[in-house]
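Colleague: Let me begin by handing over the structure; questions about it come next.
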Amino acid sequence: MKRERIRNATKARHSFVTRKAEAKISALANFFREAAGEHWVKTEGGTLQRKLVFSGFHCLDYLQLVYNWENRFTAVNYNLQLVSAIPTTPSRFEETHDCLLTLKCNQRGLKGERAYSWEAKQWGADDAMLKAYQERLTNPLITQRLDSLDVFEMELRHNDDQDYWRISCESMIGSATWILIPPVMSMITPKPHECMRFLELFELIGDALVNNKE
């Protein structure tokens, strides 16, 4: 499973439905641009994706918004994936080698409390470092944002030959759907505070990943 990679946005058909989805992801990028305020530098385009470049955040240099499409019988889903890479520096980062951490959420009942944990699908460092990572990543500031944003998938990946951690997550917020009957394109529009919480979430997780020296 390599969900941190942009999966299928460039495979989308060039149709009027895709053009409608392009309008939705452009609007979504504008919501994030407004939330970033003076930290926003520019927005770069692409097929069903937008890359917002930032300056002045502690960890976050950019945030990529991607629509991964999924065909269904009476609808086409454009599932939102948010991707970024957080650089590592030797002064703050002790090498972890090839690693992949995935988010696990357990919920009691339909409206029960959610408990978050991080599972090591791949881990190249020792067990003590893994435990320290898991403790940092379950900080209440992080879990509160995961909960409020309904994040249902998140992956954190670092390769031995790369000087960054790659963060990828998916959430219903911001996703879009083309419904055949009646023909309409709708988006789960994020509120301004939700866009800000996404930025905060990536900042907090990025800090936990690249600052692992005591």
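The values are calculated or read from the model by the stated rules, or taken from the named source; none is laboratory data. Note that the structure is a prediction, hence the values are computed from the model and not measured. When we count neighbours, we look across all protein chains shown, and the Cβ atoms used for this are built from the backbone with ideal geometry, even at glycine.
Colleague: Out of all the residues in region 51-75, which are within 22 Å of Pro182 (Cβ to Cβ) and either touching a Ser or Thr at 6+ places or on another chain (Cβ under 7 Å) or among the basic types (Lys, Arg) (or both)?
Modeller: Residues satisfying the conditions are Arg72, Ala75.
Colleague: Looking at region 184-206, I want the residues that are more than 13 Å from Val151 (Cβ to Cβ) and have a partner that is basic (Lys, Arg) and in a helix (DSSP H, G or I) with Cβ atoms under 6 Å, at least 6 apart or on another chain. Which pairs are those?
Modeller: Met185/Lys20; Met187/Lys24
Colleague: Also, I was wondering about something else. If you go through region 135-154 one residue at a time, do you hit one that is touching a Ser or Thr at 6+ places or on another chain (Cβ under 7 Å), under 30 Å from Thr74 (Cβ atoms) and of a type in the set (Asp, Glu)?
Modeller: Checking region 135-154: at least one residue is touching a Ser or Thr at 6+ places or on another chain (Cβ under 7 Å), under 30 Å from Thr74 (Cβ atoms) and of a type in the set (Asp, Glu).
Colleague: Only residues in region 22-39 that are farther than 13 Å from Glu194 by Cα count as the first member; pair them with residues that are buried (at least 18 other Cβ atoms within 10 Å of the Cβ) and small (Gly, Ala, Ser), Cβ under 6 angstrom, at least 6 apart or cross-chain, and list the lot.
Modeller: So the pair list comes out as Lys24/Ala176.
Colleague: So for region 93-109 (the condition being surrounded by fewer than 12 Cβ atoms within 10 Å (Cβ to Cβ), assigned to a strand (DSSP E or B), modelled with pLDDT of 90 or more and on the phi < 0 side of the Ramachandran plot), does at least one residue qualify?
Modeller: Within region 93-109, one or more residues are surrounded by fewer than 12 Cβ atoms within 10 Å (Cβ to Cβ), assigned to a strand (DSSP E or B), modelled with pLDDT of 90 or more and on the phi < 0 side of the Ramachandran plot.
Colleague: Continuing with the same structure: Would you call Thr47 at pLDDT 95 or above, surrounded by 12 or more Cβ atoms within 10 Å (Cβ to Cβ), out of contact with any Phe, Trp or Tyr (no Cβ under 7 Å at 6 or more places or on another chain) and within 28 Å of Asn159 (Cα to Cα)?
Modeller: no
Colleague: Look through region 10-33, keep the residues that are surrounded by 13 or more Cβ atoms within 10 Å (Cβ to Cβ) and of a type in the set (Ser, Thr, Tyr), and return whichever of them is modelled with the lowest pLDDT.
Modeller: Thr18
Colleague: Please verify whether region 122-136 includes one or more residues that are within 18 Å of the chain's Cα centre (by Cα), in a helix (DSSP H, G or I) and of a type in the set (Asp, Glu).
Modeller: Scanning region 122-136, I find no residue that is within 18 Å of the chain's Cα centre (by Cα), in a helix (DSSP H, G or I) and of a type in the set (Asp, Glu), so the answer is no.
Colleague: Let me ask you something else. Please work out if Asp161 is more than 13 Å from the chain's Cα centre (by Cα) and either on the phi < 0 side of the Ramachandran plot or at pLDDT below 95 (or both).
Modeller: So Asp161 passes the test.
Colleague: Same structure again: For region 138-155, give me the residue count where each residue is without any contact (Cβ under 8 Å) to a residue 60 or more places away in the chain and either of a type in the set (A, V, I, L, M, F, W, C) or touching a Leu at 6+ places or on another chain (Cβ under 6 Å) (or both).
Modeller: Here the count works out to 6.
Colleague: Considering only region 77-91, state which residues are over 9 Å from the mean Cα position of the chain (by Cα) and either over 10 Å from Val210 (Cα atoms) or surrounded by fewer than 17 Cβ atoms within 10 Å (Cβ to Cβ) (or both).
Modeller: Those that are over 9 Å from the mean Cα position of the chain (by Cα) and either over 10 Å from Val210 (Cα atoms) or surrounded by fewer than 17 Cβ atoms within 10 Å (Cβ to Cβ) (or both): Asn77, Tyr78, Asn79, Ala85, Pro87, Thr89, Pro90, Ser91.
Colleague: Which of (1) under 17 Å from Gly206 (Cβ atoms); (2) surrounded by fewer than 16 Cβ atoms within 10 Å (Cβ to Cβ) is the odd one out, the single condition Tyr133 does not satisfy?
Modeller: (2)
Colleague: Suppose we keep only residues that are touching a Phe, Trp or Tyr at 6+ places or on another chain (Cβ under 9 Å) and among the polar types (S, T, N, Q) within region 114-147. Which one would you say is nearest to Glu170 (Cα to Cα)?
Modeller: Among residues in region 114-147 that are touching a Phe, Trp or Tyr at 6+ places or on another chain (Cβ under 9 Å) and among the polar types (S, T, N, Q), the one nearest to Glu170 (Cα to Cα) is Thr143.
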